[in-house]
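First up is the structure itself, then whatever we jot down about it.
The values are calculated or read from the model by the stated rules, or taken from the named source; none is laboratory data. Note that the structure is predicted; figures quoted are calculated from it, not measured. Cβ: placed from backbone, ideal geometry, glycine included. Neighbour counts: every protein chain shown. The area values use the complete protein model at the heavy-atom level, side chains included, leaving out ligands, DNA and RNA. Shrake-Rupley method; radii C 1.70, N 1.55, O 1.52, S 1.80 Å.
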Amino acid sequence: MKKLFVCFVICLLWTSTIYGQKISNMEMVDAITNQAYSLEKNKASLAQVFIFYTLKCPYPKLYNSRIKALKEKYASSNITFALVNPHSDQEDETIEKLASLAFAKNNQIPFLLDENQVFTKMTGVKKIPEVVIITSGPTGYSIAYRGAIDNNAQAMESATVHYLDTALEDIIKRDRPSPTVTRAVGCNIRFTP
C-alpha cells in the first residue's frame, strides 16, 4: 500500500510540473513557406498545437487524416496547428524534402524546422508523433498538454480515448486539460549532442 501511495504522489507531481511549464518565445522556419514562425506571431490563438513529425518515422503518417480532421474541427475556435521536425539538421530531413511533404502543403499546416532541437528540448518531447499544446496568458506561454494524440496509432477506428481532442475541448471551456500528460508511442527522437 505504501509503494502504491508513493507511486501516486510521484505521478501527481510529475503531471503537475508539466502543466503550466513556462515556455520561451521561439522562432523556427516553416519549410513549406520559408517564413519565420513564432509563438509571438500566433499569440492571438486560443492554443497552439505542435505535432512532432519526421519523414522517416512511419507513425506520424498513420495520424495524417486525424490531424487534418482536428485542424478543420478547431479552425473556427482560433486554434493553430503546426508540425515540428526535430531532425531537420540530420540525414535525409533536408529543407527541400520537408518542403515537398504533400500532407503539410495540401492542408496548409506549417512544417517547422527545429534546428539544434531547441524547441524539442524546451518542451521535453521524446517521441514522434508527440503533441504539445501551448497556451498564452498574462505571464507568457505555457504547456497545457503534452503526449499522445489518441490511444491507438495503428487504427483510427480502434482509438477509444482521444487525448488531443479532449484537451482542446477543455481549453475551449477554459478548463485545465485532464489528463495534462500522456505517454506517447512512436519513434524515439534522436538527440544531437
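The mean sequence distance of close C-alpha pairs (under 8 Å, at least 6 residues apart), as a share of the length of the chain, puts its relative contact order at 26 percent.
Within straight-line reach of LYS97, meaning a Cα separation under 24 Å, sit the following lysines at least 8 residues removed in sequence or on another chain: LYS56, LYS61, LYS68, LYS71, LYS105, LYS121, LYS126, LYS127.
Close amide-amide hydrogen proximity is noted between VAL125 and no other residue 5 or more places distant or on a separate chain, at a cut-off under 5 Å (H modeled in the peptide plane; Pro and chain starts excluded). With each label modelled as a point 7 angstrom along the Cα→C-beta vector, the GLU40-ARG176 pair spans 3.0 nm.
Size of region 68-127 from its Cα atoms: along the principal axes, largest to smallest, the extents are 36, 27, 16 Å. The order of THR120, THR192 by accessible area, most exposed first and with a 1.4 Å probe, is THR192, THR120.
In this view, the solvent-accessible surface of HIS162, computed with a 1.4 Å probe and all protein chains in place, comes to about 80 Å².
Strictly greater than 15 Å: what percent of every Cα pair in region 15-103 meets that? Everything past 15 Å amounts to 66 percent. On a per residue basis, the convex hull of the C-alpha atoms belonging to the chain measures out at 132 Å³.
Most mobile of LEU98, LEU112, LEU62 per a Gaussian network model of the chain (Cα springs, under 10 Å)? Result for the chain, Cα springs under 10 Å: LEU62 fluctuates most.
Close amide-amide hydrogen proximity is noted between CYS187 and TYR59, ILE128, each under 5 Å apart and 5 or more residues distant or on a separate chain (H modeled in the peptide plane; Pro and chain starts excluded).
Kindly state, as a whole number, the per residue volume in cubic angstrom of the convex hull around the alpha carbon atoms of region 95-193.
On the way: hull volume 14.1 nm³, N = 99.
Spelled out: Cα convex hull of region 95-193, divided by residues, is 143 Å³.
Scanning the chain for DSSP H helices at least 24 Å long along the axis (C-alpha atoms) with a Kyte-Doolittle mean no lower than 1.6 picks out 2-18.
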